[in-house]
Amino acid sequence: MAFRLSHAAFLALALSAAPALAAPSMTKVDVAAFDPDKDGTIDLKEAQAAASAAFDKLDPDKDGTLDAKELKGRMTEADLKQFDPDSDGTIDKKEWLAAVAAQFKAADPDNDGTIDARELSGPAGSALVALMR
Ligand SMILES: [Ca+2]
Ligand SMILES: [Ca+2]
Ligand SMILES: [Ca+2]
C-alpha cells in the first residue's frame, strides 16, 4: 500500500514537472534567429523584415489587418491602443512596423542602432521579440 501511494505521488510529480522542464528552451531569446547577415546584432531593417514575416503569419486571411484576437497577446491592450493611431481597433502593416520601430528604439538604450544579445534579453527586447516571431 505504501508503495502504491508513493508511486502515485511520483507520477503526479513527474507530470507536474514536465511543462516546467520544457519552458526555458521555449522562452530562450536568440539574436541569431533574427540576424540574416550574421553580424551578431539585429538592426532595424532585420527587425522589420522579421516582423513583416510574423505579421503575414498572424494574418492568414491576408486582409491586411490584425485584430486583438489575431495578435494572440503579442501586444498588450495598452500597446494596441497606442499603436493604432486611426483607432479602428486593428493593426495594419504600417502600424505594425511603426510599433516595431518604437519597440526597437526602446530596446536599444545605448542608441547604436543595433540590438545585441544583452539588449534583446531585457524587457523591452522581449516586447520586440513578441513582434518578430
Ligand atoms: Ca545583423
Ligand atoms: Ca488601425
Ligand atoms: Ca544597442
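The values are calculated or read from the model by the stated rules, or taken from the named source; none is laboratory data. Only a predicted model underlies this, so the values are computations on that prediction, with no experimental measurement involved. Neighbour counts are summed over all protein chains in view; Cβ atoms, including those assigned to glycine, are modelled from backbone coordinates with ideal geometry. For the accessible areas, the whole protein counts, side chains as well, though only heavy atoms, and no ligand, DNA or RNA atoms are used. Shrake-Rupley method; radii C 1.70, N 1.55, O 1.52, S 1.80 Å.
Annotation note: of PRO60, PRO19, the sole residue that is of a type outside the set (D, E, K, R), farther than 24 Å from LEU120 by Cα, modelled with pLDDT under 95 and open to solvent by 90 Å² or more (accessible area, probe 1.4 Å) is PRO60. The number of residues in the range 82-102 that are open to solvent by 20 Å² or more (accessible area, probe 1.4 Å), within 18 Å of ARG133 (Cβ to Cβ) and touching a strand residue (DSSP E or B) at 6+ places or on another chain (Cβ under 7 Å) comes to 1. When the range 81-133 is filtered for residues that are touching a helix residue (DSSP H, G or I) at 6+ places or on another chain (Cβ under 6 Å) and of a type in the set (Val, Ile, Thr), only VAL100 remains. Checking the structure you have, find out if any residue of the range 102-119 is in contact (Cβ under 8 Å) with a residue 12 or more places away in the chain and within 16 Å of ligand 2 (Cβ to nearest atom). So far as the range 102-119 goes, yes, one or more of its residues are in contact (Cβ under 8 Å) with a residue 12 or more places away in the chain and within 16 Å of ligand 2 (Cβ to nearest atom). Residues in the range 79-126 that are small (Gly, Ala, Ser), outside any loop (DSSP other than H, G, I, E, B) and over 22 Å from ASP39 (Cβ atoms): 3 in all. Here is a check on your reading of the model: is GLY113 surrounded by fewer than 19 Cβ atoms within 10 Å (Cβ to Cβ) and more than 16 Å from ligand 1 (Cβ to nearest atom)? So GLY113 fails the test.
So is LYS72 closer than 17 Å to ALA53 by Cβ and either touching a Lys or Arg at 6+ places or on another chain (Cβ under 7 Å) or loosely packed, with under 15 Cβ neighbours inside 10 Å (or both) or not?
Considered against the rule, which asks whether it is closer than 17 Å to ALA53 by Cβ and either touching a Lys or Arg at 6+ places or on another chain (Cβ under 7 Å) or loosely packed, with under 15 Cβ neighbours inside 10 Å (or both), LYS72 comes out as yes.
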